[in-house]
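K.L.:
Here it is, the structure, as structure tokens.
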Amino acid sequence: MRSAKDFFRPLAVGAPAPLREVPFRPSRMIHFFDPGNAKMAAKVPALAPTVDVLLGNLEDAVPTDRKEAARAGLVAVARAHDLGGTQLWTRVNSLDSPWALDDLVTLVTEIGDRLDVVMVPKVEGPQDIHYVDRLLAQLEARAGLDRPVLVHAILETAAGVANVEAIAGASPRMQGISLGPADLAASRRMKTTRVGGGHPGYLVREDPPPTSGGGTPGDMPRVTYQQDLWHYTIARMVDACAAHGILPYYGPFGDIQDVTACEDQFRNAFLLGCVGAWTLHPVQIDIAKRVFSPAPQDVAWAERVIEAMGDGTGAVMIDGKMQDDATYKQCRVVAELAAALAARDPELAASYAAARKAAL
Ligand SMILES: CC(C)(COP(=O)(O)OP(=O)(O)OC[C@H]1O[C@@H](n2cnc3c(N)ncnc32)[C@H](O)[C@@H]1OP(=O)(O)O)[C@@H](O)C(=O)NCCC(=O)NCCSC(=O)C[C@](C)(O)C(=O)O
Ligand SMILES: [Mg+2]
């Protein structure tokens, strides 16, 4: 553990100073593409204005014999296109793989000035972040970068979940954490075979009605309620991130055709505190945009409460509901998120303005 007084010191001579706060930039969807797939890479200029984050994926889903092509493809994409306000992230290969070192060395020295965040898969504890932290500092110094590349961890091992608080606070570079439900399920020896989402077998059944003679509880029709396999992990991840001032994300939803269940999973994560999710296919982009942007009527309500609460202390009644210092804080979360998103999304800004007008 570094001493508190050294925490914000650069880890290499000539490396840029670490940031004191994670800048809040819209990241409702982290859109995955394979930079070694020429057809997908060709879509980058058209995709960029439609997403908050474009992520060149080098890890799982890129076959072994195309790892180098994916890395080279990402360098080419970053050099060829100006992505405007859209962030460029990458997911490098896992730290125990034969590719991770070259991924980091090549990307930071060749396109470090274009790269906002490096996503590190299969993080098991703070030691993984410390390794990447020092290496990035050395590479930033070599590349002459004037701002640090941030780090995002994927929570996809049982050890990673057990250490999530320490991972979140391991470095000032930590930008956020995403759930990695597929690898996490395997690591935990869960018996699912999916990427995120629920499972019909994970349920609670209502109590049997009182028996009056015949029949056993096993014979009676009873309603069942499917439960959320990921609730515990997401809630824990959100707390770890919030406690350390970094951002939590849902991660991927693999049933591309089931847009309804995707929206449900994304919305649960949004309500619990996540700021975005991964989009694996273009059909998921608008879902994430819709879900991770506060609804116009919620924003209008939040602004009304903020106005009525003045300096944010005391208690008032609005439409039969008590408002006080704590509801004021919740409303500020919603209103501040809406303002940050609207600054980058004129369509959203217009829908907020219309709801504000209707609420007058
Ligand atoms: C699922 C796949 C194979 C279906 O790809 P497809 O071509 O079969 O689908 P399609 O519906 O036929 O595609 C329609 C059009 O969209 C294009 N397209 C399709 N996807 C994209 C995309 N992402 N970005 C840009 N364009 C895309 C595709 O090229 C096609 O273009 P066309 O109309 O011109 O022919 C494809 O969407 C894909 O490869 N997506 C990314 C998969 C990926 O990155 N997986 C890894 C992340 S999840 C993960 O790693 C787990 C985790 C965290 O680690 C853990 O839980 O452990
Ligand atoms: Mg994974």
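The values are calculated or read from the model by the stated rules, or taken from the named source; none is laboratory data. Model, not experiment: these values are computed from the prediction. Reconstructed Cβ throughout: ideal geometry from the backbone, glycine too, with neighbour counts over all protein chains shown. Surface areas here come from the heavy atoms of the whole protein model, side chains and all, with no ligands, DNA or RNA. Shrake-Rupley method; radii C 1.70, N 1.55, O 1.52, S 1.80 Å.
K.L.:
Looking only at strands (runs of 3 or more DSSP E) that fall completely inside region 252-360, which ones have 1 or more residues that are open to solvent by 20 Å² or more (accessible area, probe 1.4 Å)?
P.N.:
Qualifying strands (runs of 3 or more DSSP E): 316-318, 321-323.
K.L.:
For region 60-69, which positions are open to solvent by less than 30 Å² (accessible area, probe 1.4 Å) and either acidic (D, E) or assigned to a loop (DSSP other than H, G, I, E, B) (or both)? Can you show your working first?
P.N.:
Taking region 60-69 as the starting set, the residues that turn out to be open to solvent by less than 30 Å² (accessible area, probe 1.4 Å) are 62, 67.
Selection gives V62 alone.
K.L.:
Looking at D298, D324, can you tell me which residue is among the acidic types (D, E) and within 20 Å of F266 (Cα to Cα)?
P.N.:
D298
K.L.:
Inside region 115-132, can you point out the residues that are away from ligand 2 (no atom under 16 Å from the Cβ) and open to solvent by less than 10 Å² (accessible area, probe 1.4 Å)?
P.N.:
L115, V117, G125, I129, V132
K.L.:
Given (1) among the hydrophobic types (A, V, I, L, M, F, W, C); (2) open to solvent by less than 60 Å² (accessible area, probe 1.4 Å); (3) within 16 Å of ligand 2 (Cβ to nearest atom); (4) not in a strand (DSSP E or B), where does F32 come up short, assuming only one miss?
P.N.:
All conditions are met except number (4).
K.L.:
Then there's this: When the residues of region 40-59 are narrowed to those that are of a type in the set (D, E, K, R) and open to solvent by less than 70 Å² (accessible area, probe 1.4 Å), which ends up nearest to ligand 2 (Cβ to nearest atom)?
P.N.:
Here the answer is E59.
K.L.:
Another question about this same structure. Pull up region 90-121, narrow it to residues that are touching a residue at least 40 places away in the same chain (Cβ under 8 Å) and touching an Asp or Glu at 6+ places or on another chain (Cβ under 6 Å), then point me to the one that is farthest from S171 (Cα to Cα).
P.N.:
Looking at the filtered set, the residue picked out is R91.
K.L.:
What's the number of the condition R222 fails, among (1) within 16 Å of ligand 1 (Cβ to nearest atom); (2) surrounded by 11 or more Cβ atoms within 10 Å (Cβ to Cβ); (3) in a loop (DSSP other than H, G, I, E, B); (4) charged (D, E, K, R)?
P.N.:
Failed condition: (1).
K.L.:
Follow-up. Identify, please: which residue in region 179-197 is free of Cβ contacts under 8 Å to residues at least 24 places away in the same chain and more than 13 Å from ligand 2 (Cβ to nearest atom) and is, among those, surrounded by the fewest Cβ atoms within 10 Å (Cβ to Cβ)?
P.N.:
R189
K.L.:
Moving on to the next point. In region 235-251, what residues are in a helix (DSSP H, G or I) and within 16 Å of P172 (Cβ to Cβ)? Full working, then the answer.
P.N.:
Residues of region 235-251 in a helix (DSSP H, G or I): 235-243.
A240, C241, A243 - these are the residues of region 235-251 that are in a helix (DSSP H, G or I) and within 16 Å of P172 (Cβ to Cβ).
K.L.:
Could you pull out the residue among A168, A186 that is among the hydrophobic types (A, V, I, L, M, F, W, C) and touching a strand residue (DSSP E or B) at 6+ places or on another chain (Cβ under 7 Å)?
P.N.:
A168
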